[in-house]
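Written below as structure tokens is the structure these notes are about.
The values are calculated or read from the model by the stated rules, or taken from the named source; none is laboratory data. This structure is a prediction, so every number in the text was calculated from the model and none was measured. Please note: Cβ atoms are built from the backbone with ideal geometry, for glycine as well, and neighbour counts cover all protein chains shown.
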Amino acid sequence: MTDVAENSDTRTTQADARVASSMSVAEAKRQIQELTCAVAARDRFIGHIAHELRNSLAPMVLITDQFGALAEGSQPPGKMLARVAMLTSNLQRLMSTVSRIVDVADLRRGKLQLEPTSVDLVAVIEEVCRELEHAAATAGAALIITARGPVVGQWDRARVKQIASNLVTNAIRHGCGGGVELSVRGAANLAELEIRDHGPGLDGSALPWLFDCFDQVAPGRARGLGIGLWVVKTLCTAMGGSVAAENCSDGGARFCVVLPRG
């Protein structure tokens, strides 16, 4: 009788464990679903607010630009011109930040729409460097492009430019005034963009999550929102490509983007 009772107790304990395990799995699934819904609601909220901010800022930027043109035409005191320039610069910077938040919100909600056309990657890189020439000069960095000729593919031009702009801006910011080297190469089916700086390099311990959203390249240095590299990776993936980063043996960091030419 004792053996029977012990076997019965064992079976009861095992059954209780299975029930508890089943409840635990069900509870975990419920919590995951709740967290997923909460994250989706947060992304919708951020997207809505960011769109509203951008819509409100756009006419302010336009009016400020017009005010600046009027101020230049009437030859006001230099102090007024300086303040108009400062206001314009800060508004444009705020507009850029809000636009990046809009991009993140849209990408996280799967609202990315690609419009592929015939694009010369070299021409895009040259345009990005022209636009960032002032920022590079201010940081003491020289932008050096190496390309043997056009590298054409079927890509969304605006998104390719966004990838390049984010990476070049990152190289200027963290390159500590050294040169930023941009190399564009094309193979039969692939195009490759390599961007290298000569700064202190990347934190090796941060490499596994370097492209995570809201993570910063330089931990402890609040010099960005931590979304630029995540946007780069997301856009590369959406176009069937990839991006990787590594430290160079002779100093600095290197980012390599590979895109199918379509």
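Kindly state which strands (runs of 3 or more DSSP E) lie completely within region 141-218 and contain at least 2 residues that are in contact (Cβ under 8 Å) with a residue 12 or more places away in the chain and within 22 Å of Asp103 (Cβ to Cβ). So the answer is 152-156, 190-196.
The residue that is surrounded by the most Cβ atoms within 10 Å (Cβ to Cβ), counting only those in region 123-138 that are within 21 Å of the chain's Cα centre (by Cα) and among the hydrophobic types (A, V, I, L, M, F, W, C), is Ile125. Going by the structure shown, is Val119 surrounded by 14 or more Cβ atoms within 10 Å (Cβ to Cβ), in contact with a helix residue (DSSP H, G or I) (Cβ under 8 Å, 6 or more places away or on another chain) and not in a helix (DSSP H, G or I)? Judged against the criteria, Val119 is a match. Among the residues of region 227-262, those that are surrounded by fewer than 16 Cβ atoms within 10 Å (Cβ to Cβ), farther than 16 Å from Gln154 by Cα and either of a type outside the set (Ser, Thr, Tyr) or assigned by TED's automatic domain parsing to the domain that holds Asp103 (or both) comprise Ala244, Glu246, Asn247, Cys248, Asp250, Gly251. In this structure, Arg159 does satisfy being farther than 17 Å from Arg254 by Cα and in the same structural domain as Leu193 (by TED's automatic domain parsing).
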